[in-house]
Amino acid sequence: MKVAVIGGGINGVMTAWAFARSGEAVDLYEKGQLMSATSRSSSKMLHGGLRYLEHGHLRLVREALQERSWWIRQAPQLTRPLELLIPIYRNGERAKWLVGAGIRLYDLLATGSGFPRGRWYSADAVAERFPGLKRDQLLGAYAYWDARMDDYQLGLWAAERARESGTRIHEWTPVLKVDPATGEVSTDGSEACYDRVVNVAGPWAERLLARSGVTSAYRLELIRGSHIVVPGKREQGCVLQVPGEKRILFVLPHGENTLLGTTEVSQADPDHCAPSNEEIDYLIANYNRCFSRGMSRQDIISSFAGIRPIVASKSDFSSASRESVIERQGRLINVFGGKWTTSRALAAAIVMKSRH
Ligand SMILES: Cc1cc2nc3c(=O)[nH]c(=O)nc-3n(C[C@H](O)[C@H](O)[C@H](O)COP(=O)(O)OP(=O)(O)OC[C@H]3O[C@@H](n4cnc5c(N)ncnc54)[C@H](O)[C@@H]3O)c2cc1C
């Protein structure tokens, strides 16, 4: 079978690798360079998604925890387990018992992963482990474990595996149009026909369909998430709960520095994605609320943003947006959404879908 994969982010790379491993002839088309968009602008966490438990998504979390372990086994040089603290304040956003119960369930779902179990730290122990955290109203912190990755290098590592398995990678080759009926893929100056065409173009997936005159049953809402890098080496991560919102912010080790993110802002055009002044102010304000040595804009070393395509059904607006959707239209397979951590599992599901 001849397969075209459109998009060289982690989902495209893992899809190409999965098809190539099962003996298919794969062409991967990327309009720029591999791993140049969302997949290198993530929070760089290999995680099960502790907060998905609040919504009862146990199966999703279990799968992501298994995938977390897979990445660590495959590429220990580009990943490392990380302890994260969730400070608990008197009258905080989430009750102590709720966070504790969530972490116990998370550990249960991760059984067999070899990760340490979560635990409680007193306020004094927190001050030692995470210096600078304000003590006012602090009861202590729950700790749990996830993993850090170098998203860019890990993605290139996976691309190399895809190439070794026979994938032909075409960078700087935007796909202009696809035809679900014939499997034709048009690039600037050439056309080729495939048995399966996988549209895994991330935030641009809908745009490719519009250019091709293809209607999907799903719509994408593009949500920008921004990060800032500030000075300060850290050994642990910290999860800050934003007052009045159900949102959380990560304060994470980032080489010799600290990574702080993320925001959630609607984004119209996927081509122009950068943190706004308001988002930077929001991140700084929330950091300063929790840490005694505050920071200002002058402290920012760098910043970056990525776009999360949130997928929803066109026919059922009330339905909660889903993590990911695979839609088959003739020879075309559209992939919307997904998480970095679960890209291998998504790729396996895409291969399955291509067979029916
Ligand atoms: C702020 C933020 C933080 C996140 N943090 C995490 C995290 O910590 N852990 C986690 O597991 N997940 C995280 N995610 C989710 C994760 O980053 C994404 O799910 C994942 O990177 C999506 O990969 P992708 O391949 O679908 O998209 P992308 O990486 O965007 O790749 C799509 C590719 O398609 C290419 N393309 C587009 N149109 C065409 C065309 N016509 N022809 C050829 N190529 C085309 C683009 O150039 C791009 O390279 C985060 C997401 C965001 C936004």
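The numbers here are math on the coordinates, done by the rules we state, and not lab data. A quick note: this is a predicted structure, and the numbers were derived from the prediction, not measured. Cβ: placed from backbone, ideal geometry, glycine included. Neighbour counts: every protein chain shown.
Helix 58-74: angle to the longest alpha-carbon principal axis of the chain, degrees 0 to 90, nearest 10?
The angle comes out near 80 degrees.
How high is the relative contact order of the chain? Use alpha-carbon pairs under 8 Å, at least six apart in sequence, and give a whole percent. Walk me through the intermediate numbers first.
Numbers: 746 pairs, mean separation 81.9, N = 356.
Relative contact order here is 23 percent.
Subtract the Cα-Cα distance of GLU164 and LEU105 from 0.36 nm times their separation in residues, and report this length gain in nm to one decimal.
On the way: separation 59, 0.36 × 59 = 21.24 nm, distance 3.90 nm.
So the extension gain works out to 17.3 nm.
In a solvent-free Debye calculation with one equal scatterer on each Cα, what is log10 I(q)/I(0) for the stretch 247-356 at q = 0.18 Å⁻¹, listed in the order of the q values?
-1.04
DSSP beta bridges in the chain, what fraction antiparallel, as a percent rounded to 5?
On the way: 61 of 78 bridges.
Counting only bridges with both partners in the chain, antiparallel ones make up about 80 percent.
Just flag the chymotrypsin sites (Phe, Trp or Tyr not before Pro) in the stretch 161-262 sitting in loop per DSSP whose Cβ has no more than 11 other Cβ atoms within 10 Å.
Within the stretch 161-262, the qualifying chymotrypsin sites (Phe, Trp or Tyr not before Pro) (loop, at most 11 other Cβ atoms within 10 Å) are TRP172.
Given just the C-alpha atoms of the stretch 74-131, how large is their convex hull per residue in cubic angstrom? Numbers along the way, then the final one.
Working: hull volume 6.8 nm³, N = 58.
So the per-residue Cα hull volume is 117 Å³.
Would you work out the Kirkwood radius for the chain? I mean one over the mean of 1/r across all pairs of different Cα atoms, in Å.
21.3 Å
From zero up to wherever the largest Cα-Cα distance of the stretch 44-115 sits, split into 10 Å bins and tell me the percent of pairs in each.
18, 48, 27, 7, 0
Angle check, please: helix 10-21 long axis (alpha carbons) against the longest principal axis of the chain (alpha carbons), in degrees 0 to 90, nearest 10.
50 degrees
For the stretch 142-206, which semi-axes, largest first and in whole Å, follow from the square roots of 5 times the eigenvalues of its Cα gyration tensor?
Values: eigenvalues 202, 50, 26 Å².
Over the Cα atoms of the stretch 142-206, the semi-axes work out to 32, 16, 11 Å.
How many nm is it between the label spots at ARG328 and GLN153, if each spot is 7 Å from the Cα in line with the beta carbon?
Simple spin-label model gives 4.0 nm for this pair.
LYS31: which lysines have alpha carbons under 18 Å from its alpha carbon, excluding same-chain residues fewer than 8 sequence positions away?
LYS177
Each label point is 7 Å from the Cα along the Cα-to-Cβ direction; what then is the distance between the points at HIS55 and SER186, in nm?
The answer from the label model is 3.7 nm.
What is the calculated FRET efficiency for ARG207 to LEU139, with r their C-beta to C-beta distance and R₀ = 56 Å, to the nearest 0.05? Working shown, then result.
Values: r = 48 Å, r/R0 = 0.86.
Efficiency, from the Cβ-Cβ distance: 0.70.
With all pairs of different alpha carbon atoms counted, what Kirkwood hydrodynamic radius in Å does the stretch 1-72 show?
Working: mean 1/r = 0.0715 Å⁻¹.
Computed over the stretch 1-72, the radius equals 14.0 Å.
Using bins 10 angstrom wide from zero, how does P(r) for the stretch 111-229 break down, in % of all Cα pairs?
Each 10 Å bin holds this share of Cα pairs: 9, 22, 24, 17, 14, 11, 2.
Give LYS44/LYS246; LYS44/LYS339; LYS134/LYS233; LYS2/LYS44 a once-over and call out the pairs whose C-alpha atoms are over 23 Å from each other.
On the way: LYS44/LYS246 21 Å; LYS44/LYS339 11 Å; LYS134/LYS233 18 Å; LYS2/LYS44 33 Å.
Exceeds cut-off: LYS2/LYS44.
Compute the orientation-averaged projected area for the stretch 194-243 from the convex hull of its Cα atoms and round it to one decimal in nm². Please report the intermediate quantities before stating the final value.
Numbers: hull surface 30.8 nm².
Over every viewing direction, the Cα hull of the stretch 194-243 projects on average to 7.7 nm².
Could you estimate the translational diffusion coefficient of the stretch 27-182 from the Stokes-Einstein equation, with Rh from the Kirkwood formula over C-alpha pairs, at 20 °C and 1.002 mPa s, in whole µm²/s? Let's see the in-between values first.
On the way: Rh = 18.3 Å.
So the translational diffusion coefficient is about 117 µm²/s.
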